[in-house]
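Participant: Just passing along the structure, written as structure tokens.
Computed from the coordinates by the stated procedures, all read-outs in this text should not be read as laboratory data. Not measured: the values here are computed from a predicted model. Cβ atoms come from the backbone with ideal geometry, glycine included; neighbour counts cover every protein chain shown.
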Amino acid sequence: MRTHFIAVLATTLVTGGLVRPAPPRAAGTISGKVTYTGTPPKMKPIDMAKEPNCATAHAAAPVLTENVVPGPGNSLRWVVVYISAGDQGSTAGTGTIRLDQKGCQYIPHVLVLQPNQPLDIYNDDPHSHNIHPLAKLNPEWNRSQPAGAPPIHTKWELAEFIPVKCNIHPWMHSWQVVLTTSHYAVTAEDGTFSLSGLPPGKYTVTAWQEQFGTQSQDVTISGTETKAVDLVFKATPY
């Protein structure tokens, strides 16, 4: 035991006697805005007359379609922006993601999660809903959720862009986007986004919009700077 202690002490002295953690890597940020040129389709009011509870909840202002949601300065909302190539320092998603059904809407309209990340689906309405994710790479499922039922606990194993519908209320649509990267954002009402925590390297930034498809740009991060990236979709009115 004494011999082992002396050997360890000698090694400690040789190495300076201190064990220091590796310094954190420099990390940069990519931020910008998603906009469009051309003429986007009009957001149309949704007729919820067949579900009086929901129609009453939106009596002050009708709910509008959300497949294309324009904002100020030709910006676009609900666009998923993510690192599609060159990803470094990505972390697994562990926090539970929540999807609500409220007023006969899926809230949020677009949510992002990672493979095997917990997803809880709630019914906040006083009537039944039906959740039907139209997955292709993952197993497709279709489940009813009565009023007052506990949340549905689920997850997805494979990366995929999954459209979701309700078989009871045909106007209800949303997207569950499963990404292998933790560097993602969903654009705000003004089309802005920010991807932080990016170590030095070359990246491909991709923006996905459910009707207009994708736009990508290559960006190089060399340190702790913030690189500005603007992604532009060509909008058509159909």
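Participant: Between the alpha-carbon centers of segment 106-133 and segment 175-228, tell me the distance in whole angstrom.
Facilitator: Answer, in whole Å: 24.
Participant: Also, quick follow-up: So what's the angle, to the nearest 10 degrees on a 0 to 90 scale, between helix 2-14 and the longest Cα principal axis of the chain?
Facilitator: Tilt relative to the chain: about 80 degrees.
Participant: Rounded to the nearest 500, what is the 222 nm mean residue ellipticity of the chain from helices alone, with -39500 (n - 2.57) per DSSP H run of 4+ residues and division by all residues?
Facilitator: -2500 deg cm²/dmol
Participant: Take the Cα radius of gyration of the chain and divide it by 2.2 N^0.38 Å, with N its residue count; two decimals is plenty.
Facilitator: Relative to the rule-of-thumb radius for its length, the chain sits at 1.33.
Participant: Turning to a different aspect of this structure: Once you put a point 7 Å from the Cα of TRP171 and another 7 Å from the Cα of ALA26, both along the Cβ direction, what distance in nm separates them?
Facilitator: 5.3
Participant: Quick one: length gained pulling ARG98 to SER144 fully straight, 0.36 nm per residue minus the C-alpha distance?
Facilitator: Net length gain for the segment: 14.8 nm.
Participant: Apply the Karplus parameterisation 6.51 cos²θ - 1.76 cosθ + 1.60, with θ equal to phi minus 60°, to every residue of segment 101-113 and state each ³J(HN,Hα) to the nearest whole Hz, in sequence, with x for glycine and proline.
Facilitator: So the Karplus estimates, Gly and Pro as x, are 10, 9, x, 6, 10, 8, 10, x, 5, 10, 10, 10, 8 Hz.
Participant: What do you get for Rg/Rh of segment 55-160 when both radii come from the Cα atoms and Rh is the Kirkwood radius?
Facilitator: Here Rg/Rh amounts to 1.00.
Participant: Sticking with this one: P(r) tail for segment 112-173, what percent of Cα pairs lie past 20 Å?
Facilitator: 26
Participant: Can you compute the FRET efficiency between SER222 and THR39 using 1/(1 + (r/R0)^6), with r the Cβ-Cβ distance and R0 = 30 Å? Round to the nearest 0.05. Kindly include the intermediate steps, with their values, before the conclusion.
Facilitator: On the way: r = 39 Å, r/R0 = 1.30.
Calculated transfer efficiency: 0.15.
Participant: Just want to confirm a number: the relative contact order over the chain, from Cα pairs under 8 angstrom separated by 6+ residues, in percent. Please list the in-between numbers first.
Facilitator: Numbers: 534 pairs, mean separation 72.1, N = 238.
So the answer I get is 30 percent.
Participant: Separate question: Suppose we keep just the DSSP beta bridges with both residues in the chain; what percent of those would be antiparallel, to 5?
Facilitator: 70
Participant: Given the Cα-Cα distance of THR91 and LEU137 and 0.36 nm per residue of separation, how much length would full extension add, in nm?
Facilitator: 14.3 nm
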